[in-house]
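Taking it in order: structure first as structure tokens, then the write-up.
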Amino acid sequence: MPRIVREADVSWEGNVARGAGALTAASSGAFTELPFSLPTRVGQAEGKTSPEELLAAAHGGCFTMSLTSELTKAGTPPERLDVHCTVTMDEVEGKGHLIVHSEIAVTGSVPGCDAAAFAQAAEVADAGCSFSTLIRASATVTVTASLT
């Protein structure tokens, strides 16, 4: 795989408690001006995103592509994968707020693949997912895989 470089632009106005920011995908233009703020980051989202939500989407997306690759290599490409990723940030004594866990739940419709092979593919996919590796540097990652 070639070296991959992607960029995002972030703007912020005001102080951290009452200010607000916007996130834009600079490389692709896939999203522009996604709003985020501290109150919606730690409370109700109210239609705004957060760095943690974007990390969950990125981790889930990376894992999904990794699992698809593993299943395809095994001769059982998926018809459909549904992945839910939950990222948890918590206060860690002496270190402040950190990402402490990312949990992936995947269900798949994979003709010719049994539950054991699917679980094995998910384990290998997790090991090969660059976001799982990144998150494991300071937190835990859990993957639950089941067939439909």
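Only the coordinates and a few stated rules stand behind these numbers; no lab work does. Just so it is clear, the model here is predicted, and its values are computed rather than measured. All Cβ positions, even for glycine, are placed from backbone atoms using ideal geometry, and neighbour counts span all protein chains on display.
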*asked:* Out of the chymotrypsin sites (Phe, Trp or Tyr not before Pro) in region 3-49, which ones are loop residues according to DSSP with at most 13 other C-beta atoms within 10 Å?
replied: Phe31
*Using the C-alpha atoms of region 41-117, what convex hull volume per residue, in cubic angstrom, is computed?*
115
*Please report, in debye to the nearest 20, how large the charge dipole of region 34-148 is about its Cα centre when each Lys and Arg carries +1 at its beta carbon and each Asp and Glu carries -1 there.*
240
*DSSP-assigned coil residues among trypsin sites (Lys or Arg not before Pro) in region 1-62, each with at most 16 further Cβ atoms within 10 Å*: Arg3, Arg6, Arg18
*asked:* Positive end of the dipole of region 23-99, charges at C-beta (+1 Lys, Arg; -1 Asp, Glu), about the Cα centre: which of Ser37, Leu71, Ala57 has its Cα farthest in that direction?
replied: Leu71
*What Kirkwood hydrodynamic radius, in Å, does region 1-68 give when the mean of 1/r is taken over all pairs of distinct Cα atoms and then inverted?*
13.4
_Let me check the size of region 89-148 from its C-alpha atoms; what are the radius of gyration and Dmax in Å?_
14.4, 50
*Net charge near Thr76, counting Lys/Arg +1 and Asp/Glu -1 over other residues with Cβ under 14 Å of its Cβ?*
-1
*Loop-only check: which GluC sites (Glu not before Pro) in region 34-70 are DSSP coil with at most 14 other Cβ within 10 angstrom?*
Glu46
*Place +1 on the Cβ of every Lys and Arg and -1 on the Cβ of every Asp and Glu in region 51-147, take the dipole about the Cα centre, and give the residue among His97, Gln120, Ser138 whose Cα lies farthest towards its positive end.*
Gln120
